[in-house]
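The values are calculated or read from the model by the stated rules, or taken from the named source; none is laboratory data. None of the values given here were measured: they were computed from a predicted structure. Heads up, the Cβs are rebuilt from the backbone with ideal geometry, glycines too, and the neighbour counts pull from every protein chain shown.
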Amino acid sequence: MEITLKLLGGRLKEMRKAMGMLQGDVAKHLDVNQNAISRIENGAGGGISVLLSLINYYSDFYMVEHILSPKFEVVRRSDAVPPLESVAIERLKLWKEEFNVEVEQIIHLLGEG
């Protein structure tokens, strides 16, 4: 999977919408123009400083560590789970999915042999 500006922008948009915020709301928090947020979310480009500000802003609310992962999902940070444990849990979930796919492939291969 190739990570493109459009894909990255779409993921940032998902996080914003999960918070129930408009582009203008986020722009106000970051002290930038709403058009800057729109351009990034639509994959039309924008400044790296705005992109990094967005990621830093959302990192207070969501697990942004996997924003470039092919298996990205919006995961809200939990005050009850320390950050390292939360990252470990998310990593284990990804490994479980990958392991299940590999086991299914092996079963399929053995079933045909």
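Looking across region 39-59, just one residue is buried (at least 17 other Cβ atoms within 10 Å of the Cβ) and in a loop (DSSP other than H, G, I, E, B), and that is GLY46.
Going by the conditions given, is LYS13 out of contact with any helix residue (DSSP H, G or I) (no Cβ under 8 Å at 6 or more places or on another chain) and at pLDDT 90 or above? Considered against the rule, which asks whether it is out of contact with any helix residue (DSSP H, G or I) (no Cβ under 8 Å at 6 or more places or on another chain) and at pLDDT 90 or above, LYS13 comes out as no. Residues in region 1-23 that are in a helix (DSSP H, G or I) and of a type in the set (A, V, I, L, M): LEU5, LEU7, LEU8, LEU12, MET15, ALA18.
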